[in-house]
Amino acid sequence: MSIAYFLLFSVYAPVNAYLPVLLKSIGFGTADVGILLGIFESAGVILPLFLSAAVDKNERYGITMLVLGLVMAFSLLPLTLFHSFAATAFFLCAFALGIRGLIPISDAFTTKSLGNNTKNYGRIRAVGSAGFVCTALILQFTPIVSADNIRSIVYGIGVLGLLYTASLFFVPNIFSLSCSAENSPVKQNSHGKKNPIKIFPASYWFGLILISLGTIGMTPSQKFFSLYMREYLHLESYAGFWAVSALAEIPIMFLSGKLIEKFGIEKLLIVSLLSISVRNIVYAVFPSWGGVLAAQLLHSLNFGLFHPVAVLFCMSKTPKQAASLGMTFYSVVSRGLSYMLGSVLGGFVIEKTGYIPMFFTFSVFPITGILLYIFSLKKKARI
């Protein structure tokens, strides 16, 4: 699965670096870009939510990832011909169904394949980060993709998507992994015996709230960073800075298993939330090449630690028979909806007040999560 992760997150390199720039190049204003990015994220919420229940029952991980990989590879090609807001939104939705749907299904397959060795998830996921780094460096130092050439961006994403899809045929057991689903909570729900939402404990949903607040706080660095570099700092080296952030996360991902064993998931989650706020403040207070470099290095904690901690937290609270559903709720609520809300809000704030106020605004969300956690501890202490 390591090669598949490498290629899947290679696709994320041009998407993260160039999707907002591509939308700008088509001719949309910053507010419209924010709305389109919000539509993109919300579309990635819908299909995986329905798809995961079916995957949990029949465990057809391979064929599901194969179809989503092809959708990811081909769905942006029409943007080379159609540039209206409605057409762009439609094709972004199709693309989101592919690229966003692949993450929870891939994570569920990987963690289920690992069995009791889930602490090794961070190491496997780190290979995905290496793919992101390699592709981002290629984008930075070669003329393969140009920010002003819509076709080069779309074709680059398409080729990487096809390579990912082809790599699935080399993943052991991906088309044959199965287990009995007779006692699956999801299957019980299909007979009307149990609401799938009630499968998960309250601690699962509270954790998702904290993770969601952290993800909203990450919106400036994940959705508007390239525009910030280009329009505010007037720097064109954003692909290289994307590579720096991804490179910084790899060592932490490799060490995440040991860190979780030593400090526990909850403490590391709070550290991650704090680092997200600090990163936004660094962008705002030091709007320079050096400030950007320092902020990008904080991605080691923002994502390198935050993501494996969040995934393992969700898996620890999820029944084994509902692995895909648990990861999809994580992807939908704490990634899709959070980035959707953050993208729309971020585009609006930039349009009205500028980039610096946006960074300060989004630093508040992770701090809110920390305060909620402290409040919950005090409430438990009183009981």
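Computed from the coordinates by the stated procedures, all read-outs in this text should not be read as laboratory data. What you see is a predicted model; the values in this text were computed from it and never measured. For neighbour counting, all protein chains shown are included, and Cβ atoms are generated from backbone atoms with ideal geometry for every residue, glycine included.
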Whole-Hz ³J(HN,Hα) from phi, Karplus 6.51 cos²θ - 1.76 cosθ + 1.60, for region 250-260, glycine and proline x: 4, x, 5, 5, 5, 8, 4, x, 5, 5, 5
Length released on extending from Ala31 to Leu293, taking residue separation times 0.36 nm less the Cα-Cα span: 91.7 nm
For the chain, built as a Gaussian network whose Cα springs stay under 10 Å, the top-fluctuating residue of Lys198, Lys24, Lys317: Lys198
Most positive-pole-ward Cα, Pro201, Ser245, Ala4, against dipole of the chain from beta carbon charges: Pro201
21 Å Cα-Cα threshold exceeded, pairs from Lys262/Lys378; Lys198/Lys320; Lys223/Lys267; Lys198/Lys378; Lys262/Lys317: Lys262/Lys378; Lys223/Lys267; Lys198/Lys378
Amide H contacts of Ser146 (H built 1.01 Å from N, under 5 Å, at least 5 apart or other chain): Ser152, Ile153
Helix-derived mean residue ellipticity, 222 nm - over the chain, DSSP H n ≥ 4, -39500 (n - 2.57), to 500: -25500 deg cm²/dmol
Projected area averaged over orientations for the chain, convex hull of C-alpha atoms, nm²: 18.4 nm²
Dipole magnitude (debye, nearest 20) for region 245-381, charges at Cβ of Lys, Arg, Asp, Glu: 480 debye
Tail fraction, Cα-Cα pairs, region 297-356, threshold 15 Å, whole percent: 63 percent
Protection-proxy order for peptides 364-376, 153-165, each taking the mean of Cβ atoms within 10 Å per residue, highest first: 153-165, 364-376
Region 348-359 - phi-based ³J(HN,Hα) in whole Hz, Karplus 6.51/-1.76/1.60, Gly and Pro as x: 5, 5, 4, 4, 8, 10, x, 6, 4, x, 4, 4
FRET efficiency for Ala86 and Ser176, using Cβ-Cβ distance with R0 set to 30 Å, rounded to 0.05: 0.10
Kirkwood Rh in Å, taken over all unlike Cα pairs in region 1-126: 15.6 Å
In order through region 294-306: 3J(HN,Hα) via Karplus (6.51 cos²θ - 1.76 cosθ + 1.60), integer Hz, x for Gly, Pro: 4, 5, 5, 5, 5, 4, 4, 8, 4, 10, x, 9, 4
Linear extension gain, Arg123 paired with Leu162, 0.36 nm per residue minus alpha-carbon span: 11.6 nm
19 Å tail of the calculated P(r), region 260-383, as % of Cα pairs: 59 percent
Most positive-pole-ward Cα, Leu163, Val15, Val309, against dipole of the chain from beta carbon charges: Val309
Fewest-first ranking of His234, His83, using other Cβ atoms within 10 Å as the exposure measure: His234, His83
Rg [Å, one decimal], Dmax [Å, integer] - region 56-141, C-alpha atoms: 16.2, 49
Descending Cα extents along the principal axes, region 194-254, whole Å: 54, 29, 17
Shape metrics for region 114-167, restricted to C-alpha atoms - Rg then Dmax, Å: 14.9, 48
Rounded to the nearest 20 debye, dipole of the chain from Cβ charges on Lys, Arg, Asp, Glu: 1300 debye
